[in-house]
Amino acid sequence: MHRRHFVRAVALLTLAATAATTGASGATAESPTPATTRLHDTIDTILADARLGGAQASVVVVDTSTGQTLYDRNGDRRLIPASNTKLMTSTAALGLLGPGHRFTTDVHTSGKRRAGLLTGNLYLRGGGDPTMLAADYDALAAQVAADGVRVVAGNLVADDTRYDHTRLGPDWTWDDEPYYYAAQVSALTVAPDTDYDAGTVIVQAAPAGRAGAPPVVSTTPPTGYVRVDNRAVTVAEGETSISIEREHGGNTVVVTGQIAVGDEPASDWVTVWEPTGYAADVFRAALHRHGVRVIGRTVLGQATPETTHPVARHDSMSLGELMTPFLKLSNNGHAEVLTKEIGRVLSGSGTWAAGMTAISEYVADTGMDTGRLRQRDGSGLSRRNLVPAAEFVDLLNAVRAEPWFETWYAALPIAGQPERFVGGTLRSRMAGTPAAGNVHAKTGSLTGVSGLSGYVTSADGRLLAFAILLNNYLTASVKPLEDQIAVALAGFRADGTSTARLAPPAVPETPRTPEGVECSWVKPITC
């Protein structure tokens, strides 16, 4: 018997034994205790809020120690999960690739070497690493120089063939494409900083020293791959209103608006068109800095021949370590790279289709009923993803038996913890409540879609798994309602002496955000 099937069988036997010996604090769903009745009333009241008028809700809460369902509202209803989809992608990645998995980016040479002259090509081979910084490409270039290469007579070949050339998810909306949360996916890419938004560049506009002059525009990392069309102006005074947008189908970034003398620079994360070329440009510049001259042109998308000679290598952080920026900041690009990497490792095909197949098989093995859900991408940006809350809770309950669970649990956002790489997308939520420092959960946000699924320890020490999916609301945000439910769960006691308030003070509604953006932390937008 497969190990996960065995774990599932043991859990079912335990649940059966618990049901047969139900005591004062272990009533079944058919005979709820006063405590569970009170919890039902509390959550029902929260979900009756006018902000959910005409909307849909799927909410399930389970006591993981007994398997008892404490609350179920439309638990079998398929709703759009947004970034709660990452629960499936992240657990499948850890389960199938292992927490020690790393991405390798390396450099190879072909042809003959005479002194410092390489008569063949230089191959930059991408391994899918979404954390490659300009500094990492610089380190690769330094290794090439240290190996004695001074002149490359051939071409610089950027090999991104580990994955296919489908850059965007099949269901992503066209107007998301310029924004950092919908970057193109390539096996060879660049991240501008340690948020690791691969396939993006940070564009900054600083005021000039005098009114009437255009702002000073720069990019991080510096690159000639992106062309800036600077139409903005520096003004003597007034509100800064800089807009930074990439034109569709190319790498021209248009900067418009105004910025006042003495104001702080304005910046934005912008996706690039064709990340493979972006990586090659950054690497070529690094080679030049280290005294390596490439005479030939840059060629994209050719595979590295088996007869080449390795001269440089960079290994990424481990997958276990990657879980922190991935889940804390809800990084869509990481989810999609992991999906293609799963497909490549398991079937030799670095495609969304192969990755989705493997993820589906993994989550089915944990106990999710994949006949009741649909997953179309790794991140949740697709609106064709449909998952019932009960299936998420089954997954949350099952993965507690995995050897990497503690790593994954710690990587989930933690309510009310202000440090970005601790609290993540929950860092500004539920502070000062019993849920703060307690709730570990994945957030999810699209326009009209919100989700919160994870774990909370109740006031009497029970680890509860919960999933909250809310769809089709018209108000700007329903996250305060999710928070109220989580706070109620944190204060729950099986003996009925709950410490949670029914309705925490109302939180002002937040402004509407673009598709795919997690509302509790975004880069240029405050919400």
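The values are calculated or read from the model by the stated rules, or taken from the named source; none is laboratory data. Quick caveat, the model's predicted, so the values are computed rather than measured. Heads up, the Cβs are rebuilt from the backbone with ideal geometry, glycines too, and the neighbour counts pull from every protein chain shown. Heavy atoms of the whole protein, side chains included, go into the accessibility calculation; ligands, DNA and RNA do not. Shrake-Rupley method; radii C 1.70, N 1.55, O 1.52, S 1.80 Å.
The helices (runs of 4 or more DSSP H) found entirely in segment 374-489 that carry 3 or more residues being within 18 Å of R77 (Cβ to Cβ) are 389-398. Of everything listed in (1) over 21 Å from N251 (Cβ atoms); (2) at pLDDT below 95, the single unmet condition for D176 is (1).
The set of residues in segment 423-444 being open to solvent by 10 Å² or more (accessible area, probe 1.4 Å), touching a residue at least 40 places away in the same chain (Cβ under 8 Å) and of a type outside the set (D, E, K, R) consists of S428, M430, T433, P434, N438.
For L322, are the conditions met, namely being out of contact with any Gly (no Cβ under 7 Å at 6 or more places or on another chain) and surrounded by 24 or more Cβ atoms within 10 Å (Cβ to Cβ)? Spelling it out, L322 is indeed out of contact with any Gly (no Cβ under 7 Å at 6 or more places or on another chain) and surrounded by 24 or more Cβ atoms within 10 Å (Cβ to Cβ). If you check G355 against the conditions, is it in a loop (DSSP other than H, G, I, E, B) and surrounded by 22 or more Cβ atoms within 10 Å (Cβ to Cβ)? No, not satisfied. Within segment 301-330, residues that are without any contact (Cβ under 8 Å) to a residue 60 or more places away in the chain sit with their Cβ atoms under 9 Å from residues that are open to solvent by 50 Å² or more (accessible area, probe 1.4 Å) and part of a loop (DSSP other than H, G, I, E, B), at 6+ positions apart or across chains, in these pairs: E321/P99.
You will find that of G154, G100, G95, the residue that is at pLDDT 95 or above, within 18 Å of F326 (Cα to Cα) and in a loop (DSSP other than H, G, I, E, B) is G100 and no other. The number of residues in segment 153-173 being open to solvent by 10 Å² or more (accessible area, probe 1.4 Å) and either touching a strand residue (DSSP E or B) at 6+ places or on another chain (Cβ under 6 Å) or free of Cβ contacts under 8 Å to residues at least 60 places away in the same chain (or both) comes to 2.
Across segment 52-76, the qualifying residues are those that are open to solvent by 50 Å² or more (accessible area, probe 1.4 Å) and part of a strand (DSSP E or B), and the one among them that is nearest to V456 (Cα to Cα) is T69.
Taken over segment 224-258, the residue count meeting the criterion of being among the acidic types (D, E), surrounded by 14 or more Cβ atoms within 10 Å (Cβ to Cβ) and either touching a Gly at 6+ places or on another chain (Cβ under 7 Å) or more than 24 Å from A183 (Cβ to Cβ) (or both) is 0.
On the stretch given as segment 406-422, residues that are in contact with a helix residue (DSSP H, G or I) (Cβ under 6 Å, 6 or more places away or on another chain) and open to solvent by 10 Å² or more (accessible area, probe 1.4 Å) total 4.
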